[in-house]
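Note sheet for the following structure.
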Amino acid sequence: MPPWGAALALILAVLALLGLLGPRLRGPWGRAVGGRTLPGAQDRGDGEEADGGGPADQFSDGREPLPGGCSLVCKPSALAQCLLRALRRSEALEAGPRSWFSGPHLQTLCHFVLPVASGPELAREYLQLADDGLVALDWVVGPCVRGRRITSAGGLPAVLLVIPNAWGRLTRNVLGLCLLALERGYYPVIFHRRGHHGCPLVSPRLQPFGDPSDLKEAVTYIRFRHPAAPLFAVSEGSGSALLLSYLGECGSSSYVTGAACISPVLRCREWFEAGLPWPYERGFLLHQKIALSRYATALEDTVDTSRLFRSRSLREFEEALFCHTKSFPISWDTYWDRNDPLRDVDEAAVPVLCICSADDPVCGPPDHTLTTELFHSNPYFFLLLSRHGGHCGFLRQEPLPAWSHEVILESFRTLTEFFRTEERIKGLSRHRASFLGGRRRGGALQRREVSSSSNLEEIFNWKRSYTR
């Protein structure tokens, strides 16, 4: 583990001890971030009672109970009914035995610090962008698994685009998701921003929090390499801002069949301004400073590096990096007008499953940080809310993968089957319409031919008069 990783591990270990041995850590939201129950859980009782909710094809108030004490929040639709039935049959949501790492801080600690047991084999590609910048694509090429299941009807493996968190750290769960996806027949590829995870920073420009311009070029390249393969996308934590911005800006031209966000940060500006509990704030800030310290000389012409590395909060760091620049300074309000991930959310035309936890210590309580009105009003957005899981944790007993990974891949399979059924129904309807239309046209032509033979002289005279 690198030195900065050891420092981050020490900070998060202190946090874990606070969560285990002392009272629950309170964040800037003024409430305990661990051990919350879902809103409405008092009415449903325990998870076993929630498992036997109403019929799968009926929605009561936009919040439907699921196994394991989870619930699905969405707008009623045919796709929502199909997804609800699949989630109620999912074994991944079954409540397992509680273990020693079930607390939210330990789940988050395991996610950010512990290395994966055996990581995937990666083949890196560097993509040169229109402004001569570089982003990296890590294609997961191994280990090869026997009996891989193909996820698309045409026999081509679907491409799974994975977007890590905005800090550029490749976490245990991201690698675990890639391994599971490879086993299930996907072709995973990890997108790395400029200067992240060993990607060289060849121009003095970094990617703002919610600017999808680099991601657009990467998706175009992926489509060029795999034009016939379906494309799915998964984002982790703060990286969800990039994915949601991309889906909103591109709308129906995004090339993406389905998307999922694990512990997304939806109210990003409020999240930066409120701050995180101090161990997380210090840990994430330290990670970013160490990652950018190697580019301090290259950034001196555009960024006040002394102010950048003296920043004491994530907001100060973000402002120094993107707002108080030497060339084009902008205000904090203008920055979020351009980078709010929900600024064009009404234009999104791709089903998006957001998996969140009520005890998330990084995002905060769901009633303060989740835009539930989005899920109640937009038929493309679905919220799977669990009681436990921490931030991007959702761990189960080893060696089982995180249950969020299982649910995401199951939802993608459900989307594929749903769209395939819809296309089949539309195809049959078009075929029936064209068949009936052909019969009607045939009858009309036949009647027209009969009438033409009986009135041949009149038609001939009309044609002759027309050609004069």
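The values are calculated or read from the model by the stated rules, or taken from the named source; none is laboratory data. Quick caveat, the model's predicted, so the values are computed rather than measured. Heads up, the Cβs are rebuilt from the backbone with ideal geometry, glycines too, and the neighbour counts pull from every protein chain shown. Heavy atoms of the whole protein, side chains included, go into the accessibility calculation; ligands, DNA and RNA do not. Shrake-Rupley method; radii C 1.70, N 1.55, O 1.52, S 1.80 Å.
All but one of (1) modelled with pLDDT of 85 or more; (2) surrounded by fewer than 15 Cβ atoms within 10 Å (Cβ to Cβ); (3) farther than 23 Å from ALA92 by Cα hold for SER452; state the number of the condition that does not hold.
The failed condition is (1).
May I ask you to verify whether GLY251 is closer than 26 Å to ALA358 by Cβ and touching a residue at least 12 places away in the same chain (Cβ under 8 Å)? Reasoning before the result, please.
Values: closer than 26 Å to ALA358 by Cβ: no; touching a residue at least 12 places away in the same chain (Cβ under 8 Å): yes.
Taking the combined requirement at face value, the residue does not satisfy it.
If the requirement is being in contact with a strand residue (DSSP E or B) (Cβ under 7 Å, 6 or more places away or on another chain) and surrounded by 16 or more Cβ atoms within 10 Å (Cβ to Cβ), which of these qualifies: CYS323, CYS354?
Working: CYS323 fails: in contact with a strand residue (DSSP E or B) (Cβ under 7 Å, 6 or more places away or on another chain).
The conditions single out CYS354.
Residue by residue through region 283-318, note down the ones that are part of a helix (DSSP H, G or I), of a type in the set (D, E, K, R) and open to solvent by 60 Å² or more (accessible area, probe 1.4 Å).
Start the filter on region 283-318 by keeping residues that are part of a helix (DSSP H, G or I), which leaves 283-293, 296-299, 305-310, 314-318.
Next, from what is left, pick out any that are of a type in the set (D, E, K, R): 289, 307, 310, 315-316, 318.
Passing the criteria: ARG307, ARG310, ARG315, GLU316.
Any chance region 399-406 includes a residue that's open to solvent by 30 Å² or more (accessible area, probe 1.4 Å), at pLDDT 50 or above, assigned to a helix (DSSP H, G or I) and not charged (D, E, K, R)?
Among the residues of region 399-406, not one is open to solvent by 30 Å² or more (accessible area, probe 1.4 Å), at pLDDT 50 or above, assigned to a helix (DSSP H, G or I) and not charged (D, E, K, R), which makes the answer no.
If a residue has to be open to solvent by 20 Å² or more (accessible area, probe 1.4 Å) and within 24 Å of LEU299 (Cα to Cα) to count, how many in region 209-221 make the cut?
At the first step, the residues of region 209-221 found to be open to solvent by 20 Å² or more (accessible area, probe 1.4 Å) are 211, 213, 216-217, 220-221.
Cutting the leftovers down to within 24 Å of LEU299 (Cα to Cα) gives us 211, 213, 217.
So the answer is 3.
Return the residues of region 357-387 that are part of a loop (DSSP other than H, G, I, E, B) and either touching a Lys or Arg at 6+ places or on another chain (Cβ under 7 Å) or surrounded by fewer than 23 Cβ atoms within 10 Å (Cβ to Cβ) (or both); say none if nothing qualifies. Don't jump to the end; show me each part of the working.
Taking region 357-387 first, the residues part of a loop (DSSP other than H, G, I, E, B) are 358-365, 370-371, 378-380, 387.
Across region 357-387, the qualifying residues are ALA358, ASP359, PRO365, LEU370, THR371, ASN378, PRO379, TYR380, ARG387.
For GLU236, are the conditions met, namely being in contact (Cβ under 8 Å) with a residue 12 or more places away in the chain, farther than 24 Å from LEU180 by Cβ and acidic (Asp, Glu)?
When the stated conditions are applied, GLU236 does not pass them.
Which condition from (1) of a type outside the set (Asp, Glu); (2) within 20 Å of the chain's Cα centre (by Cα); (3) open to solvent by less than 10 Å² (accessible area, probe 1.4 Å) is the one that SER252 breaks?
(3)
Please verify whether TYR280 is out of contact with any strand residue (DSSP E or B) (no Cβ under 6 Å at 6 or more places or on another chain), over 21 Å from ASP333 (Cα atoms) and open to solvent by less than 10 Å² (accessible area, probe 1.4 Å), treating the condition exactly as stated. Steps first, please.
Details: out of contact with any strand residue (DSSP E or B) (no Cβ under 6 Å at 6 or more places or on another chain): yes; over 21 Å from ASP333 (Cα atoms): yes; open to solvent by less than 10 Å² (accessible area, probe 1.4 Å): yes.
Here the answer is yes, as TYR280 does meet what is asked.
Filter region 223-254 for residues that are part of a helix (DSSP H, G or I), more than 23 Å from TRP167 (Cβ to Cβ) and not small (Gly, Ala, Ser) and give the result.
ARG223, PHE224, ARG225, CYS250
Exactly one condition in (1) assigned by the TED database to the domain that holds ARG172; (2) crowded, with 20+ Cβ neighbours inside 10 Å; (3) of a type in the set (A, V, I, L, M, F, W, C) is not met by PHE224; state its number.
Condition not satisfied by PHE224: (2).
Any idea which of LEU122, LEU109, LEU87, LEU83 is over 19 Å from HIS405 (Cα atoms), modelled with pLDDT of 80 or more and of a type in the set (A, V, I, L, M, F, W, C)?
Numbers: LEU109 fails: over 19 Å from HIS405 (Cα atoms); LEU87 fails: over 19 Å from HIS405 (Cα atoms); LEU83 fails: over 19 Å from HIS405 (Cα atoms).
On inspection, the qualifying residue turns out to be LEU122.
Would a scan of region 319-340 turn up a residue that is in contact (Cβ under 8 Å) with a residue 12 or more places away in the chain, closer than 30 Å to LEU79 by Cβ and assigned to a loop (DSSP other than H, G, I, E, B)?
Residues of region 319-340 in contact (Cβ under 8 Å) with a residue 12 or more places away in the chain: 319-327, 332, 335-336, 338-340.
From what's left, closer than 30 Å to LEU79 by Cβ: 339-340.
The next check asks that each one be assigned to a loop (DSSP other than H, G, I, E, B); those that pass are 340.
So far as region 319-340 goes, yes, one or more of its residues are in contact (Cβ under 8 Å) with a residue 12 or more places away in the chain, closer than 30 Å to LEU79 by Cβ and assigned to a loop (DSSP other than H, G, I, E, B).
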